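Down below is the structure, laid out as structure tokens.
The values are calculated or read from the model by the stated rules, or taken from the named source; none is laboratory data. Everything quoted here is computed from the prediction, not taken from an experiment. Cβ coordinates were reconstructed from backbone atoms using ideal geometry, including for glycine residues, and neighbour counts include every protein chain displayed.
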Amino acid sequence: MTQRLDPGAGWYGEFLRRDPEGLRACLDGAAMPPWDVVESLLDDLARARGAEFAAREMQYAARLRAEAAAVWDRLPGGAGELRDLIADAAGQREAAEAAARSLTARLAATADRAEADAVAGELAWLRDDAARAASRHEDFTTRLTALTTT
């Protein structure tokens, strides 16, 4: 899918800038891509190739990722890795939410328009980070539950 995307634009470009090692690990098969990343890349694909094409790809990607995650999770150490990922996601969410609270207070206290715009931009990224961490926490928890109940 990423071969169809512009590495300098959209979420794909943002992931390359913000976490190139993590994205590379997913693309190389060394890590399971988080579903929120797959969804974001599919949003980029919709902009590049159209919503109908992306909707078909979404169905295919969801099925493929679910099957791959189930196999991945059953590998030796899979349950332990999921527990670690759950803890990491919880920590990332807490850190992003704490930073967002701090920036929200800073935003309320600033009278400078340029500073307010900069803080608002940072705050938007922190909210995105918190939402992604929450989504990942839910995904990892669901996968661990499926692994331990089958």
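Among the conditions (1) aliphatic (A, V, I, L, M); (2) surrounded by fewer than 16 Cβ atoms within 10 Å (Cβ to Cβ); (3) in contact with a helix residue (DSSP H, G or I) (Cβ under 9 Å, 6 or more places away or on another chain); (4) under 21 Å from F140 (Cβ atoms), the only one that A9 does not satisfy is (4).
Okay, residues lined up against (1) under 27 Å from L5 (Cβ atoms); (2) assigned by TED's automatic domain parsing to the domain that holds Q3; (3) surrounded by 12 or more Cβ atoms within 10 Å (Cβ to Cβ):
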{"residue": "A68", "(1), (2), (3)": "yes, yes, yes"}
{"residue": "A89", "(1), (2), (3)": "yes, no, yes"}
{"residue": "A109", "(1), (2), (3)": "no, no, no"}
{"residue": "A133", "(1), (2), (3)": "yes, no, yes"}
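Scanning region 73-87 for residues that are surrounded by fewer than 17 Cβ atoms within 10 Å (Cβ to Cβ), more than 18 Å from the chain's Cα centre (by Cα) and part of a helix (DSSP H, G or I) yields R74, A79, G80.
With respect to (1) within 23 Å of L82 (Cα to Cα); (2) surrounded by 15 or more Cβ atoms within 10 Å (Cβ to Cβ); (3) not hydrophobic (A, V, I, L, M, F, W, C), the lone exception for E57 is condition (1). With respect to being hydrophobic (A, V, I, L, M, F, W, C) and within 20 Å of A31 (Cα to Cα), L126 falls outside the description.
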